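Here is the structure we will look at.
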Amino acid sequence: MRFPSVVAAACLVALPALLAAQDADTPVPPSEPEAAKPAKKAPAKAKAAKKPPPPPAKQLFGAAKTPAPLAARAIGFYAKGCLAGAAALPIDGSAWQAMRLSRNRNWGHPELIALVEKLAVEAKRHDGWPGLLVGDLSQPRGGPMLTGHTSHQVGLDADIWFTPMPARRLTEKEREELSATSMLAPDIVSVNREVWTDAHLRLLKRAASYKQVERILVHPAIKKAVCEASSQDKDRAWLSKIRPIWGHYYHFHIRIACPKGNANCEGQPSVGGDDGCGAELKRWLALVKNPPKPGPPGPEKRPLTLDQLPADCRAVLAGTPPSKAAKQAKSAPKATAKKATVK
Ligand SMILES: [Zn+2]
């Protein structure tokens with residue numbers, strides 16, 4: 001891997017171009033050219049050609065408007081899974097406001113919701129942070145999204161704006177249209193001191209101090225500011241959780257560990273003991289200054305299908321316990337498939 005594997009595994013977004021491509025993600029047309037090709041010889045092939053390819057999982061999960069009424073469970077990996085029994089972050093709290101409400105992505109595992117609320121309240125009380133503007137968490141049933149984000153699929157990821165919350169309740173329209181503030185200086189390898197404050201630092205430090213939080217993803221310039229301000233800190237453990245990555249200068253990304261008892265939740269490698277303020281940061285800053293040139297375009301990446309997600313995600317989409325969903329799928333495959341596409 002070209003970049004530190006831990007970071008790459010953390011975000012699964014290695015290049016700005018890739019990020020941009022994800023943001024511009026559009027639904028894939030239901031029929032692929034392959035399916036339209038005439039299959040003359042093998043009858044088996046002809047049969048396969050008649051069957052349209054399964055719809056991308058992002059279409060199915062993107063269409064689900066409500067959580068699956070099942071016990072709360074993160075299923076699969078951050079970038080390949082789904083979420084049962086999601087809870088909603090209330091759009092207004094004593095110390096937070098949810099943004100971009102039209103996306104319906106203020107859903108998460110109850111442990112994530114509790115953590116975001118706790119961070120909001122404690123940062124307001126102790127850190128001089130006026131409150132959180134909360135960006136995307138997950139869809140009601142998790143899963144891949146029609147636009148943006150490779151991860152955020154299992155309800156354990158949250159994007160928090162670096163823009164402090166204003167001292168009034170934003171209208172729905174403002175929550176759609178308000179732009180976040182970039183923390184970058186024009187040189188793009190340091191923060192803009194007119195907008196970056198000590199309170200930002202305290203907020204990140206608090207978030208990283210929570211045991212469940214495994215990673216916080218920020219732009220390398222922000223990692224640099226954090227390292228510089230913390231050079232005298234004896235406790236370096238929180239620093240190792242703050243990981244540099246492309247993007248992430250309008251918001252930071254909090255990722256929590258698999259909740260206890262969620263057997264099908266797939267964890268990620270530990271960040272290790274390195275505070276990331278040395279060679280790794282240096283490497284990242286050099287990359288920011290001289291980003292690698294994109295190679296020739298490879299074959300188009302096919303979007304994930306339901307079959308590629310953990311089997312229990314079928315039950316999450318159906319909104320029924322796994323055993324029942326499996327039975328239904330066996331006895332009436334057509335009906336299940338139809339239901340899944342229209343939901
Ligand atoms: Zn994120």
Could you list all residues from segment 187-200 that are within 25 Å of the chain's Cα centre (by Cα), surrounded by fewer than 18 Cβ atoms within 10 Å (Cβ to Cβ) and farther than 26 Å from residue 291 by Cα?
199
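Looking at 204, 133, which is the one that is within 23 Å of residue 284 (Cβ to Cβ), within 16 Å of the ligand (Cβ to nearest atom) and touching a residue at least 40 places away in the same chain (Cβ under 8 Å)? Steps first, answer last, please.
Values: 133 fails: within 23 Å of residue 284 (Cβ to Cβ).
204 is the lone residue from the list that is within 23 Å of residue 284 (Cβ to Cβ), within 16 Å of the ligand (Cβ to nearest atom) and touching a residue at least 40 places away in the same chain (Cβ under 8 Å).
Quick check on my filter: what residues within segment 151-181 are polar (S, T, N, Q) and within 16 Å of the ligand (Cβ to nearest atom)?
Taking segment 151-181 first, the residues polar (S, T, N, Q) are 151, 153, 163, 171, 179, 181.
Across segment 151-181, the qualifying residues are 151, 153, 163.
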Say we look at segment 47-90 and pick out the residues that are under 19 Å from the mean Cα position of the chain (by Cα) and part of a helix (DSSP H, G or I); which of these is surrounded by the most Cβ atoms within 10 Å (Cβ to Cβ)?
61
Of the residues in segment 291-343, how many are at pLDDT below 90, basic (Lys, Arg) and surrounded by 10 or more Cβ atoms within 10 Å (Cβ to Cβ)?
6
Considering only segment 141-150, I want to know if a residue exists there that is over 11 Å from the mean Cα position of the chain (by Cα), touching a residue at least 24 places away in the same chain (Cβ under 8 Å) and more than 15 Å from the ligand (Cβ to nearest atom).
yes
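The values are calculated or read from the model by the stated rules, or taken from the named source; none is laboratory data. Not measured: the values here are computed from a predicted model. Ideal geometry is used to build each Cβ from the backbone, glycine not excepted, and the neighbour counts take in all protein chains shown.
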